[in-house]
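Here the structure is laid out as structure tokens; the discussion comes afterwards.
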Amino acid sequence: MKTFKKKIVSGIVAAMFMVVATAGLAVAEDSITGTIAEKGEFHVLDAADGSYVLEGSDMATEMVGKKVKVTGTVAEKENMRVINVISMEEVTE
């Protein structure tokens with residue numbers, strides 16, 4: 001009976017480890033460079049691979065028309081790519 005309990009506990013620990021490891025992958029940060037634009041009610045980052053709607057940034061308005069590097073987490077929402085902004089900095093070349 002002790003062996004059976006050990007196997008169950010080991011299985012539960014392994015499953016919890018997998019959940020934690022997978023959750024860490026889901027929140028990976030990306031850095032994307034492009035130009036900030038206003039499109040309707042949204043601020044977007046126009047990058048080489050397409051556009052991203054910006055969420056969570058109060059800096060977007062002052063960065064319109066500027067080339068920036070945005071770091072954040074990217075998700076797909078309502079057929080749009082959305083980046084939840086962690087940081088934004090102007091790129092000067």
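The values are calculated or read from the model by the stated rules, or taken from the named source; none is laboratory data. These figures come from a predicted structure and were not determined experimentally. As a convention, Cβ positions derive from the backbone with ideal geometry for all residues, glycine included, and neighbour counts pool all protein chains shown.
The table that follows gives values for the structure above.
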item	result
Checklist (1) exposed (fewer than 15 other Cβ atoms within 10 Å of the Cβ); (2) on the phi < 0 side of the Ramachandran plot; (3) at pLDDT 95 or above applied to Phe17, failing item	(3)
Pairs with Cβ under 7 Å, 6+ apart, first in region 64-77 and in contact (Cβ under 8 Å) with a residue 24 or more places away in the chain, second loosely packed, with under 14 Cβ neighbours inside 10 Å and not in a strand (DSSP E or B)	Lys67/Val91; Val68/Val91; Lys69/Val91; Thr71/Glu29; Gly72/Glu29; Thr73/Val27; Thr73/Glu29
Filter result for the condition that a residue is surrounded by fewer than 16 Cβ atoms within 10 Å (Cβ to Cβ), touching a strand residue (DSSP E or B) at 6+ places or on another chain (Cβ under 9 Å) and at pLDDT 95 or above, over Gly65, Gly56	Gly65
